[in-house]
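*Asks:* The structure's right below; bear with me while I get my questions together.
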Amino acid sequence: MYPETGAISEEVLRETIVDLVNSTRSQESTRCPSEVPRRLAKEGRLPEGTEWRDYMDATRKIVFEMRDQGELEVMQKGKVVEVGLEEMRGPIRMRRKLSPT
């Protein structure tokens, strides 16, 4: 759930996810979802009274939605994972969906 006061929109979170994964040099490079709200905090784009951690649940939700839409891969311990957000435990990474070779 988003913080109540002046929440960042899903669109802003989604655009930041896309920017981050597209900024990697290698298609196989991964990024941590926490980099999304951390970037927004560093840029001063979070509403007053909130911090980056307040947006982690929303960020993870969007990452899994993008995975389900075929836009991203969710990784854990170096392997692509297919479980849903509710079943996922522990840290994850994200990357662009690899093109089939």
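*Asks:* Considering the range 65-101 alone, what residues qualify as being touching a residue at least 40 places away in the same chain (Cβ under 8 Å) and part of a strand (DSSP E or B)?
*Replies:* Selection gives L72, M75, R93, M94, R95, R96.
*Asks:* Test K97 against the criterion of being open to solvent by 60 Å² or more (accessible area, probe 1.4 Å) and under 19 Å from R25 (Cα atoms), and give yes or no.
*Replies:* In short, yes.
*Asks:* If you don't mind, there's one more thing I want to ask. Go through the residues of the range 50-68 one by one and say whether even a single one is hydrophobic (A, V, I, L, M, F, W, C) and touching a strand residue (DSSP E or B) at 6+ places or on another chain (Cβ under 6 Å).
*Replies:* Checked against the condition, which is being hydrophobic (A, V, I, L, M, F, W, C) and touching a strand residue (DSSP E or B) at 6+ places or on another chain (Cβ under 6 Å), the range 50-68 yields at least one hit.
*Asks:* Would you check which residues across the range 82-94 are touching a helix residue (DSSP H, G or I) at 6+ places or on another chain (Cβ under 7 Å) and open to solvent by 70 Å² or more (accessible area, probe 1.4 Å) and list them?
*Replies:* Hits for the range 82-94: nothing passes.
*Asks:* Taking only pairs six or more apart or across chains, which ones have beta-carbon atoms under 8 Å, a first residue in the range 43-64 that is over 15 Å from E15 (Cβ atoms), and a second residue that is open to solvent by 30 Å² or more (accessible area, probe 1.4 Å) and of a type in the set (S, T, Y)?
*Replies:* P47/T5; E48/T5; G49/T5; T50/T5; D54/Y2
*Asks:* Ok, one more. Check whether at least one residue in the range 32-39 is open to solvent by less than 70 Å² (accessible area, probe 1.4 Å) and touching a residue at least 60 places away in the same chain (Cβ under 8 Å), and report yes or no.
*Replies:* Checked the range 32-39: at least one residue is open to solvent by less than 70 Å² (accessible area, probe 1.4 Å) and touching a residue at least 60 places away in the same chain (Cβ under 8 Å).
*Asks:* A follow-up question, please. If you go through the range 31-50, how many residues are out of contact with any Leu (no Cβ under 8 Å at 6 or more places or on another chain), more than 18 Å from E65 (Cβ to Cβ) and part of a loop (DSSP other than H, G, I, E, B)?
*Replies:* Selection size over the range 31-50: 7.
*Asks:* Further, regarding this structure: Could you list, in sequence order, all residues of the range 42-59 that are of a type outside the set (S, T, N, Q) and crowded, with 19+ Cβ neighbours inside 10 Å?
*Replies:* If the condition is that a residue be of a type outside the set (S, T, N, Q) and crowded, with 19+ Cβ neighbours inside 10 Å, then L46, D54, Y55, A58 are the ones that fit.
The values are calculated or read from the model by the stated rules, or taken from the named source; none is laboratory data. Quick caveat: nothing in here was measured; it's all calculated off a predicted structure. FYI the Cβ positions are ideal-geometry reconstructions off the backbone, even for glycines, and counts take in every protein chain you see. Accessible surface is based on the protein model in full, side chains and every heavy atom, while ligands, DNA and RNA are left aside. Shrake-Rupley method; radii C 1.70, N 1.55, O 1.52, S 1.80 Å.
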